[in-house]
Amino acid sequence: MRASPAVLLMLPLAISAQTPAKISVADTALHQFEDGPPLGANHYFVTGEMLFASALFSGYAKTQTDPARIRLRYQFDALDPEGVKIVETHHGAVDTELAPQDKEWQPKVRHSFAIPPLADPGTYKLVFTVEDNLAKTSASKEVPFQVRGHFVEPSGTLTVRNFRFLRTEQDTNPVTSAAYRPGDPIWARFDITGYQFAEKNRYSVSYGLEVLRAGGESMYAEPTAAEKTEETFYRNRYMPGVLNLNPTADIARGDYTIVLKVQDLLGNQTCQSRHVFHIE
């Protein structure tokens with residue numbers, strides 16, 4: 001009686017027979033500084049703050065060479081609540097030799113970036129993606145994070161939002177009543193939005209002002225108080241503005257009106273807004 005021929009299982013020479021089925025993003029964490037403690041889901045970042053991220057990969061293939069090697073490629077993407085990238089994609093690779101004692105080793109990668117200073121508040125997400133070049137498998141994982149910041153209501157046309165009078169340049173809270181004494185400096189902040197963009201998120205905006213007495217006659221004018229042209233990776237949906245007046249100590253008491261005049265130099269739009277303060 002003849003024995004049946006043995007059936008041989010042929011394995012690719014480049015990859016270990018113990019290769020797990022598929023690469024995975026085993027663990028992710030967000031930190032306030034590199035290798036700091038992981039932050040909880042209720043943590044809030046603020047606009048302009050640095051965010052540090054890390055990820056562990058497992059399930060990778062390795063070569064049968066001595067020493068064995070792994071070959072991974074990975075990327076980080078940070079997206080705003082609308083799914084738009086807030087910074088450029090970060091690419092990286094893990095191509096390294098493994099010692100015998102590294103059997104359970106998990107590659108750890110890190111990335112850091114600054115949240116755009118004019119980003120909207122809301123729920124953002126970091127997307128980790130890894131590809132195993134040996135096993136031809138890939139995996140991804142999304143991690144949400146919360147951002148606090150200054151909110152400016154969107155507009156389809158050029159407009160001024162959030163105009164507020166202040167006591168000093170450093171104040172963050174607006175005055176409850178725009179009343180000043182003669183000789184006191186007058187500060188105000190506001191946001192300009194609704195302007196048009198060109199390539200590379202380029203925008204160009206200028207603003208000027210005129211101060212009117214109670215009767216409507218002009219007492220001061222500055223046609224171009226500020227002008228800004230900028231290109232940014234992440235679109236600046238609004239532009240902060242500031243103005244400062246220094247009335248003399250002998251200014252007459254009464255109401256005065258600031259006429260703020262804004263121009264969108266790319267979109268050929270203009271707008272005006274009026275804001276009353278009182279000298280008491």
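The set of residues in segment 94-113 being loosely packed, with under 13 Cβ neighbours inside 10 Å and not polar (S, T, N, Q) consists of D95, A99, P100, K103, E104.
When you go through F277, F233 one by one, which is the residue that is within 20 Å of G183 (Cα to Cα), hydrophobic (A, V, I, L, M, F, W, C) and in contact with an Asp or Glu (Cβ under 9 Å, 6 or more places away or on another chain)? Please lay out each step first, then the result.
On the way: F233 fails: within 20 Å of G183 (Cα to Cα).
That would be F277, the only listed residue that is within 20 Å of G183 (Cα to Cα), hydrophobic (A, V, I, L, M, F, W, C) and in contact with an Asp or Glu (Cβ under 9 Å, 6 or more places away or on another chain).
Could you pull out the residue among D191, D184 that is free of Cβ contacts under 8 Å to residues at least 60 places away in the same chain and either assigned by TED's automatic domain parsing to the domain that holds V242 or not in a loop (DSSP other than H, G, I, E, B) (or both)? I'd like the intermediate steps shown before the answer.
Values: D184 fails: free of Cβ contacts under 8 Å to residues at least 60 places away in the same chain.
Testing whether each residue is free of Cβ contacts under 8 Å to residues at least 60 places away in the same chain and either assigned by TED's automatic domain parsing to the domain that holds V242 or not in a loop (DSSP other than H, G, I, E, B) (or both) leaves just D191.
A residue that is over 27 Å from the mean Cα position of the chain (by Cα), modelled with pLDDT of 95 or more and over 22 Å from A178 (Cβ atoms) cannot be found anywhere in segment 241-264.
If I filter segment 232-246 for residues that are touching a Leu at 6+ places or on another chain (Cβ under 7 Å), over 30 Å from L79 (Cβ atoms) and not in a loop (DSSP other than H, G, I, E, B), do I get at least one hit? Yes, segment 232-246 contains a residue that is touching a Leu at 6+ places or on another chain (Cβ under 7 Å), over 30 Å from L79 (Cβ atoms) and not in a loop (DSSP other than H, G, I, E, B).
In segment 162-179, the residues that are within 15 Å of G241 (Cβ to Cβ) reach residues that are among the charged types (D, E, K, R) with C-beta atoms within less than 8 angstrom, at least six apart or across chains, in these pairs: N162/R189; N162/D191; F163/R189; R164/R189; L166/R189; P174/R164.
Scanning segment 251-264 for residues that are hydrophobic (A, V, I, L, M, F, W, C) and within 17 Å of L209 (Cβ to Cβ) yields I251, I258, V259, L260, V262.
Those residues that are exposed (fewer than 15 other Cβ atoms within 10 Å of the Cβ) and touching a strand residue (DSSP E or B) at 6+ places or on another chain (Cβ under 8 Å), I need them from segment 240-254; list them, please. Of everything in segment 240-254, those that are exposed (fewer than 15 other Cβ atoms within 10 Å of the Cβ) and touching a strand residue (DSSP E or B) at 6+ places or on another chain (Cβ under 8 Å) turn out to be V242, N244, N246, A252, R253, G254.
Elements of the type strands (runs of 3 or more DSSP E) sitting completely within segment 49-152 and holding at least 1 residues that are in contact (Cβ under 8 Å) with a residue 60 or more places away in the chain: these cover 50-58, 68-79, 108-114, 122-132, 137-148.
Results for (1) under 21 Å from S24 (Cβ atoms); (2) in contact with a Lys or Arg (Cβ under 9 Å, 6 or more places away or on another chain), shown as yes or no for each residue.
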site	(1), (2)
L39	no, no
M50	no, no
P67	no, no
I70	yes, yes
R73	yes, no
P107	yes, no
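When only residues in segment 197-239 that are touching a Ser or Thr at 6+ places or on another chain (Cβ under 6 Å) and hydroxyl-bearing (S, T, Y) count, which is farthest from V152 (Cα to Cα)? Per the criteria, the residue is T224. Within segment 247-264, the residues that satisfy the criterion of being outside any strand (DSSP E or B) and in contact with an Asp or Glu (Cβ under 8 Å, 6 or more places away or on another chain) are P247, R253.
The values are calculated or read from the model by the stated rules, or taken from the named source; none is laboratory data. Since the model is a prediction, treat every value here as computed from it, not as a measurement. Using ideal geometry, Cβ is built from the backbone for each residue, glycine included, and neighbour counts are taken over all protein chains shown.
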